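Below you'll find the structure, written out as structure tokens, and then a few comments.
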Amino acid sequence: MRKYSVVLVFALCAMCALAATDVTGKWSRTRKLFDGRELETALYLKAEGDLLTGYWSTNGNTFPVAHGKVAGNTVSFETIHDDFGEQHKSEFTGTISGDHLDLKRVAPDGYVAIEHLTRVSQESPAAMPPAAAKISLPPAGPVSYNGLAKTPPMGWNSWNKFASQVSDKVVREVADAMAANGMRDAGYVYVNIDDTWEGSRDGEGNIQTNSKFPDMKALADYVHAKGLKLGIYSSPGPTTCAGYLGSFRHEEQDAKTYAAWGIDYLKYDWCSASQVYDYHSMPAVYAKMGEALLHSGRPIIYSLCQYGVFHGPEWGASTGGNSWRTTGDIADRWSSMSHLGFDLQLNLAQYAGPGHWNDPDMLEIGNGGMTETEYRTHMSLWSLLAAPLLAGNDLRSVKPEILAILMNREAIAIDQDALGKEAKRVAKDGDCEVWARPLADGAYAVGLFNRGASAAKVTAKWSDFGLDGKARVRDVWAHADRGLMADRFSAEVASHGVVLIRLEPAK
């Protein structure tokens, strides 16, 4: 009897160990902004046996929990939401220790984030309130072209390196560096402040800067005195991506404020607009600010940041846009840059041209997550794509070899070519690809790319992009002439590397 009793007790203890931990309640993480405001990420859960329901809340958006399970001290669930007509799924797995939950989130693009949440309440979450009706705008008429950005804009943006740490001091120092290190003279003229500059609105509704930017007009004057131009950031929604004030229902007022400050460039990021607008209204929403900028009293480049969703390239120009994002946010790693630059730019060349550009996001060159070989590929591909060239590194302390990549004048000349024809992929063999674009003087720019893990021979055939006969070959990165060649050019290309050439047809 004793033997069987021991076995039974062991089995019962094992069942206890597997019993689901009670996870019902609100789990939360808050982070303070520099001005003392708090942004909360929260998970509301209700456990019934081993089943979980509830919702995930972040940046003002809520997503219902689906397929939720709890087993012992682990939880798993998904959130699935409609994003501009497409279904996107995030996957969550977590481990509970007392009132602490370590949660791993895998976003739809594969990005992995770890959230450390604390239970702040054990009450069962109330049923989610019905979503407020979203605003549907009628189609807008086309906004007139503002005459700007006849070649892709070039400059610098604060977000990739500084994010919320950007300040008046940082912007002035970067402007100083650009004027001194040759960046300005190479064509990088826009100094763009991204999110987190916004303060409150005054009694008349005028947007104010926060304490990091005590006088935006004075900052603009300083930047202009350096022979540079100043850019700023906002959102058509109530808040920006970082939770600061957006331009919702203040479009004309904000555009005139920017003009009064001396702003030359606006990046307009969709963000919380999805909370108030039906996504079918996106073109009309962007046209509203496009029209406001056009009548602001100052020429301001208009950059649409809508992540490449809802067929943005098809209507971006009609909203007054000078560029529009064709992708989600870039990250400083090969997998991100190559996916955004190669895979997501196919079949978009028809929408690009003088004044209106496809934008695969900002440059990560010099931020440390890729090799110099990969950064040369980054620069080459963006130049072939006639993409805006917005450096995103710390230009106050840039290494000479990184500066040499950003300031390769032959690559810049390809990006800035007056014809404005974006490159197309003209050949693909496994991991090897050839991209080519015609240039205004009758020449061609051609990139021989190797996306593979080992060196490979890549061949560009003239017939693939409409060139006949012989052509003089110029190696853009070697700054060397390779002679007169007929029909094709071959090169050994390093892993994740490029050989960028300019072909001048022989007369």
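The values are calculated or read from the model by the stated rules, or taken from the named source; none is laboratory data. Remember, predicted model here, so these are calculated numbers, not experimental data. FYI the Cβ positions are ideal-geometry reconstructions off the backbone, even for glycines, and counts take in every protein chain you see.
Got a number for residues in region 156-169 being without any contact (Cβ under 8 Å) to a residue 24 or more places away in the chain and either within 11 Å of Y222 (Cα to Cα) or over 21 Å from the mean Cα position of the chain (by Cα) (or both)? Count: 1. Comparison of A186, A225, A179, A220 shows that the only residue that is over 22 Å from L245 (Cβ atoms), assigned by TED's automatic domain parsing to the domain that holds E410, touching a helix residue (DSSP H, G or I) at 6+ places or on another chain (Cβ under 8 Å) and modelled with pLDDT of 95 or more is A186. In the set (1) of a type outside the set (K, R); (2) touching a residue at least 24 places away in the same chain (Cβ under 8 Å); (3) loosely packed, with under 12 Cβ neighbours inside 10 Å, G483 fails one condition alone, (2).
Somewhere in region 284-301, is a residue at pLDDT 95 or above, crowded, with 18+ Cβ neighbours inside 10 Å and farther than 20 Å from I263 by Cα? The answer is yes; a qualifying residue exists.
Being of a type in the set (V, I, T), within 23 Å of the chain's Cα centre (by Cα), modelled with pLDDT under 90 and surrounded by 14 or more Cβ atoms within 10 Å (Cβ to Cβ) is a description that applies to V106.
For A423, are the conditions met, namely being crowded, with 23+ Cβ neighbours inside 10 Å and in contact with a Leu (Cβ under 6 Å, 6 or more places away or on another chain)? Answer is yes for this residue. Each residue in region 62-82 was checked for being at pLDDT below 85, surrounded by 14 or more Cβ atoms within 10 Å (Cβ to Cβ) and under 23 Å from the mean Cα position of the chain (by Cα), and 4 of them qualify. Exactly one residue out of G328, G355 is assigned by TED's automatic domain parsing to the domain that holds D264 and either within 17 Å of the chain's Cα centre (by Cα) or at pLDDT below 95 (or both), and it is G328. Please work out if I402 is modelled with pLDDT of 95 or more and part of a helix (DSSP H, G or I). Criteria met by I402. Looking across region 461-480 at every residue that is of a type in the set (A, V, I, L, M) and surrounded by fewer than 18 Cβ atoms within 10 Å (Cβ to Cβ), the one that is farthest from the chain's Cα centre (by Cα) is identified as A480.
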